[in-house]
Amino acid sequence: MKNKLFNITVLALALINLGAVKPRFGGELSIRLNEPNSFAPGSDTYSNLIFSSLLYENLFYMGQDGSILSNVFSDCNYDRNGMLLTLQMKKNLSYSNGKAVTQKNIKTSLKVFSSLNLHQARRLNRALKSIDLQENNRILIALNFNLSDLFSILASPELILVADDDGVYSGPFLPLEWIKGDQMILQPNPFYPGGRSYLDTIRVHFDNKSRDLFLSEPKLSTQHYHEHTAGIYQNIYLCFPRPGGSINTRIALYTFLREFQKKSNSGYQLLDSLTSDDESPVAVKVEEFPIGRVNSILQQSNLILHVHSSLQNIEEKLTDFIKNRQSRINLVFFSHDDYRLMGEIDDSIPYMLTSKAFRRDTPAAEKLARIISELTFRRFDEKYLKMISELNEMKFMVDEALLLEQTARIVEEIVRDGFILPLFQKRFSLYVRSKFKDFELDYFGRPLVNRTHLDYD
């Protein structure tokens, strides 16, 4: 028996506010984000998550209520018993250069996603049996086993419609100009499958000024802005991908970075759990050295700290802090594109600072599974596969006491291993000037700007 998961929700702009006066085209939206490292898609920070959504189209979207939407497919059926997914592509789909989107592009997009070092991507990769391209733009996807949350996986922000060539985009906008250190100008993609945006321009600024749309801490006192609770927080972790090394140096570096947070006023708060302090059954208790001993160790260490490019916004403050403490720490910023194979990270990086963005109401077991899957590197062996299997089962538990007990046990085991240490956390709301109408967020807190228009009254 086939279960039809959804009737595709029409996202065409012409149907917004059916029966109301059609909004006019025109206007500019200014956004304040952290400057990206490149045009490559990224989701490690909330800022990168939003930026990527402007340039790249997802195969599926999940609404705030959990509904599934698509601009790429007109129909979809998932036969759970037969473990077969049938996708019907829309007609006349094109990339930003006018080149047609083909079935092969869909297959490539699924393969690229399933090869990523991401928890949901790994789950899909294990389940994928075959992708069969049929006539009339139909695609049949056979699975090795049933995935009850298949469309939650397919709506992952990282599963984007990729193009064959560089400089070609599938999202609602495409870059027109990039002034490094200042701003980027985006223009509407005339071939966007969701319909051309009402806005003529999006100007992405990399400063600290208030713009039409910006991220900040929740409950900020502002006038002429609407606060949208994204339910997103960003965690920063200190990891030790290379096995071995000096325990004293690790503890000294951990203490040093915690001290940096206390002094820097960066907007992050100290994090004492693997996910979030208010949901974790176990606090991470890590030994910290006195500052005098930290300085003594780090002034002689000459260590290299690899920092993910998503954290480039703290580079200036962290560099100044290192100089003031006369510590011999060299910062090297990298992106995951620099290390396509996780084994390369294991072999070359002893100390790494990275971040993960989480939706707050995602079950804690699912967040822990993602942390284990994406941050254990070569240690991702039978032991951690078993942990993830347990965490996947725990998502369906109704006995809260037993759930808490099992979660605590797994967290304690990870903490004892001592190669993933939580440092900081930052929570966000998204603020939008009231003159912008029909403003919506998807499940992951990304603004659906192609629907947004100016109130001309």
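Please give the calculated 222 nm ellipticity per residue for the chain, where each DSSP H segment of at least 4 residues contributes -39500 (n - 2.57) and the sum is spread over every residue; nearest 500 deg cm²/dmol?
The helix-only estimate for the chain comes to -8500 deg cm²/dmol at 222 nm.
Taking neighbour counts of Cβ atoms within 10 Å as a proxy for exposure, in what order, fewest first, do Val168, Val449, Val432, Val284 appear?
Ranked by crowding around the Cβ, least crowded first: Val168, Val284, Val432, Val449.
Using only Cα atoms and rounding to the nearest 10 degrees, what angle (0 to 90) does helix 291-301 make with the longest principal axis of the chain?
80
Quote the relative contact order of the chain in percent (integer), defining contacts as alpha-carbon pairs under 8 Å separated by 6+ residues.
Values: 877 pairs, mean separation 103.3, N = 457.
The value is 23 percent.
Please state the relative contact order of segment 231-427 as a whole percent: Cα pairs under 8 Å, 6+ residues apart?
Relative contact order of segment 231-427: 42 percent.
Among DSSP bridges having both ends in segment 231-427, what percentage is antiparallel? Round to the nearest 5.
Given both bridge residues lie in segment 231-427, the antiparallel proportion sits at roughly 70 percent.
Expressed as a rounded percentage, what relative contact order does segment 159-275 have, with Cα pairs under 8 Å and six or more residues apart? Could you put the intermediate results ahead of the total?
Values: 78 pairs, mean separation 15.4, N = 117.
Relative contact order for segment 159-275 comes out at 13 percent.
Report the Cα-based extents of segment 33-164 along its three principal axes, largest first, to the nearest Å.
45, 33, 29
Express in % the proportion of alpha carbon pairs of segment 165-301 at distances exceeding 25 Å.
Distances greater than 25 Å cover 56 percent of the Cα pairs.
Can you quote the Å³ per residue value for the convex hull of the Cα atoms in segment 231-427, rounded to an integer? Spell out each step's value before the answer.
On the way: hull volume 23.2 nm³, N = 197.
Per residue, the Cα convex hull of segment 231-427 comes to 118 Å³.
What translational diffusion coefficient, in µm²/s and rounded to a whole number, does the Stokes-Einstein relation yield for the chain at 20 °C and a viscosity of 1.002 mPa s, taking the hydrodynamic radius as the Kirkwood radius over Cα pairs?
Numbers: Rh = 23.6 Å.
Approximately 91 µm²/s, per Stokes-Einstein.
Quick check: the angle from helix 103-114's long axis to the longest principal axis of the chain, C-alpha only, nearest 10 degrees?
For 103-114 against the chain, the angle is about 20 degrees.
Longest span of the chain, sites excluded, free of chymotrypsin sites (Phe, Trp or Tyr not before Pro) in DSSP loop with at most 14 other C-beta atoms within 10 Å? Walk me through the intermediate numbers first.
Values: sites that count: Phe25, Phe145, Phe396, Tyr456.
That would be 146-395.
Loop-only trypsin sites (Lys or Arg not before Pro) in segment 199-231, please: DSSP not H, G, I, E or B, and at most 12 other Cβ atoms within 10 Å.
On the way: sites: Arg203, Lys209, Arg211, Lys219; in loops: Lys209, Arg211, Lys219.
Answer in residue order: Lys209, Lys219.
Quick note: the coordinates plus some simple rules give every number you see, no bench work behind them. Remember, predicted model here, so these are calculated numbers, not experimental data. Using ideal geometry, Cβ is built from the backbone for each residue, glycine included, and neighbour counts are taken over all protein chains shown.
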